[in-house]
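First comes the structure, then the notes that go with it.
The values are calculated or read from the model by the stated rules, or taken from the named source; none is laboratory data. Just so we're clear, the structure is a prediction, and the values are computed from it rather than from any experiment. Counting neighbours? That spans all protein chains shown, and the Cβs are built from the backbone with ideal geometry, glycine included. The area values use the complete protein model at the heavy-atom level, side chains included, leaving out ligands, DNA and RNA. Shrake-Rupley method; radii C 1.70, N 1.55, O 1.52, S 1.80 Å.
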Amino acid sequence: MRNRWDEQEAGQFDNDLSLRAYSSRLIGSDEDLVLHGGGNTSVKTSVTDLFGDEHQVLYVKGSGWDLATMEPAGFAPVRLDVLQRMARLEALSDTEMVKQQRAAMLDPAAPNPSVEAILHAVIPCRYVDHTHADAVVALTNTPDGEQLIRQVYGNRVLVVPYVMPGFPLARKIVEMTRTTDWSALQGMVLMNHGIFTFADTARESYERMIRLVDEGERHLESNGASRLARADTSRDINHERLSRLRQAVSFVAGAPMLVRVDDSPEAIGFSELDGLESIATRGPLTPDHVIRTKRVPVIVQEDVDRSVADFIDEYKRYFLNNTDGTLQCLDPAPRWGVWPGYGIVTFGSSPAEAGIVLDTARHTIRAIQWAEALGGWRALPEKDVFNVEYWELEQAKLKAKKDRSPFHGKIALVTGAGGGIGKACVVALLEQGAVVVAVDIRGLVTSEFARTEVKTVECDVTDAGKMKKAIDTGIREFGGLDIVVSNAGTFPAGRLIEDMDDDTWNRCLAVNLSSHQTLLKYCVPYLKNGVDPAIVIVGSKNVPAPGPKASAYSAAKAGLTQLARVAALELGKFGIRVNTVHPNAVFDTDMWDDSVIRARARSYNLSVEEYKSNNVLGTKVRAVDVAGMVCEMAGPVFAKTTGAQVPVDGGNERVV
Ligand SMILES: [Zn+2]
């Protein structure tokens, strides 16, 4: 455990609160201490109000803030005397506690105080730090946990049996410490939960945390418990089963989910442990983790549908066994899974969410193995886990975060994604919440695409082998496929039929027609496992209204349209919709440069401006307009439509 305190850096912070934020960030930057919003910190200090009156307050971490990025604004200032009086109440409901804490805040714009505010208030030290350090929790989650903790820390810490966080935990500690000499203590270990340290300086409180956790880690090491199973070979995951698993989980969750796969040596090693089914399904590391991971992972077997069905049966049993009859069952979908021989998988409606679950799962599988080596991994009884999972305060937090974008959790693949209509489609799909596999023959290292929601693949669409790989890369990245925008195309220089050379003809058909057949061929098996799957084909006005000198292009696009119609017929029974958009005169694409536009305009005896809006509506058609139609075709408006062809061309006299 590294001590990250830097006296020079700390010296820049000249008040209690900014120093508190600094050492909170030190804690937050160590994943072995806390993960994604876990843990909390506080400082007791005084503030002077508008009238010049001084108040003693507890600045405590606000709900929704992450220690890793903590700032003074992330702390809620609560009157210390009110919190201390609340700690002496016989009973206090969660809702009442939150209400009273808000009422006692000196800044109504500050975030809600942590649910541990009362506990922080009763500890008679200026600085208090709380983490869920892996090593400490692993020690407590064993049959002789309490004894192990006493063996490692002696009398320096108070050992607190597991109590539900919030008011009950604060009450318990008040009762336990009526005659305690706090100055003899460096911290408290909360069984199955975590560790507190405290001191009158920020540095001492932080360093006590580091020292105590470090001693826990060393105890693991010296007892040979810190070794982890590792597999040196990884097997290729079966992409079709992966997409099937994602579909099953999405249906149960009631919304499309993404999958993250971890096939690192550690993840595979864990997945191959003897007795995995027992070890992996005893419960979470701490009840706090249940919000992210649910109580247990799904064990992925050969039959993925059966595996998910078994998980749901077990979840329903757990709910019915523990509900008091007034609660509503949450969605029973798993949040992570162990796939024997392949590693671990996590589910989330965004890459960030699936990533948070993955981080949590990685720490969980390590701590499980440490505890196993110390006599046996033992999680909390499921009733305690249930009480946190169904805790009204946690449920409120989750509800506040739901994203309602139309394509949230959906996975799209766009070919020809590097420019023009393809790029506009990527941007529009991202805006509506989808993640996108962006395929283009050019490298796609642009700022728009440098984000976790996009997987770029450089690939020539006419190379069938590489296309198959590109599609599989997307499946591996996000777990499945729901939307395919078959857009890649090329527009060769105008040429009369009698002047047409074979290469131009063949290349035009290869890109504009055959590559789309290849794409569909390889995507369909995954789309069958998609969520409301849809294919959108980018055709052309040249299909209903061809032009001279464009034989290859017009013939290819006509063939493509026919391919789409047959695809609609073949795929309807799988619920896969296939629709075609026919754009015309979209000038903000790579197919057109100024000299071509000028030449075309001249040949029609029009100015460039007239030529660009030479349609029934007299409007300019842009790539973004076509992308808008593509999104509609992939979305709910076209839920009952397949085999359709819709122009986006401002109206064409030859077609209308
Ligand atoms: Zn905690």
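Structural remarks
- Dipole orientation for the range 7-222: of the candidates Val189, Ala91, Asn112, Ala91 has the Cα lying most toward the positive pole (charges on Cβ; Lys, Arg +1; Asp, Glu -1).
- Translational diffusion of the range 288-363, µm² s⁻¹ [Kirkwood Rh, Cα pairs; Stokes-Einstein; 4 °C; 1.567 mPa s]: 98 µm²/s
- When the alpha carbon gyration tensor of the range 68-180 is reduced to an equivalent ellipsoid, its three semi-axes come out at 28, 17, 13 angstrom, largest first.
- Each Lys and Arg Cβ is given +1 and each Asp and Glu Cβ -1; about its Cα centre, the range 7-222 then shows a dipole of about 660 debye.
- Sorted largest first by accessible area at a 1.4 angstrom probe radius, with every protein chain in place, the residues Met591, Met97 fall in the order Met591, Met97.
- Taking Leu496, Leu320 and ordering them by how much accessible surface each has at a 1.4 Å probe, largest first, produces Leu320, Leu496.
- Our summary gives the range 239-391 a relative contact order of 36 percent, counting only alpha carbon pairs under 8 angstrom and 6 or more residues apart.
- Karplus (6.51, -1.76, 1.60) ³J(HN,Hα), θ = phi - 60°, over the range 74-85, in Hz, Gly and Pro reported as x: x, 9, 9, x, 10, 4, 5, 5, 5, 4, 5, 6
- Apportionment of accessible area to carbon and sulfur, the range 239-391, percent (1.4 Å): 48 percent
- Couplings 3J(HN,Hα) of the range 511-523, computed from phi: 7, 7, 10, 4, 5, 5, 4, 4, 4, 4, 3, 7, 7 Hz, in residue order, whole Hz [Karplus 6.51 cos²θ - 1.76 cosθ + 1.60, θ = phi - 60°; x for Gly and Pro].
- Pairs of alpha carbons in the range 239-391 whose separation is greater than 22 Å (percent): 36 percent
- C-alpha long axis of helix 551-571 to longest principal axis of the chain, angle in °: 50 degrees
- Kirkwood radius, the range 424-497, all distinct C-alpha pairs, inverse of mean reciprocal distance: 13.5 Å.
- Per-selection Rg to Rh, the range 571-656 - Cα, Kirkwood hydrodynamic radius: 1.08
- Take every pair of alpha-carbon atoms less than 8 Å apart whose residues are at least six positions apart; their mean separation over the length of the chain yields a relative contact order of 10 percent.
- Pairs beyond 31 Å (Cα-Cα), from Lys61/Lys316; Lys455/Lys528; Lys316/Lys468: Lys61/Lys316; Lys316/Lys468
- Across the range 1-129, the convex hull enclosing all Cα atoms gives 117 Å³ per residue.
- Normalising the average separation of contacting C-alpha pairs (under 8 angstrom, six or more residues apart) by the number of residues puts the relative contact order of the range 18-157 at 28 percent.
- Taking Cα atoms only, the orientation of helix 304-322 departs from the longest principal axis of the chain by about 40 degrees.
- Note: the range 7-222, Cα convex hull, 124 Å³ per residue.
- Anchor Lys612: lysines whose Cα lies under 17 Å away (excluding residues fewer than 8 positions away in-chain): Lys541, Lys620
- Annotation: peptides 255-262, 89-96, 63-70, ranked by per-residue average of other Cβ atoms within 10 Å with the highest first, follow the order 255-262, 63-70, 89-96.
- Solvent-accessible surface of the range 239-391, averaged per residue with a 1.4 angstrom probe and all protein chains in place: 35 square angstrom.
- Unit Cα scatterers, Debye sum, the chain: log10 I(q)/I(0) for q = 0.05, 0.06, 0.10, 0.11 Å⁻¹: -0.32, -0.44, -0.95, -1.05
- Using alpha-carbon coordinates, inclination of helix 94-103 to the longest axis of the chain, degrees: 90 degrees
- The accessible area of Glu272, taken with all protein chains in place and a 1.4 Å probe, comes to roughly 100 Å².
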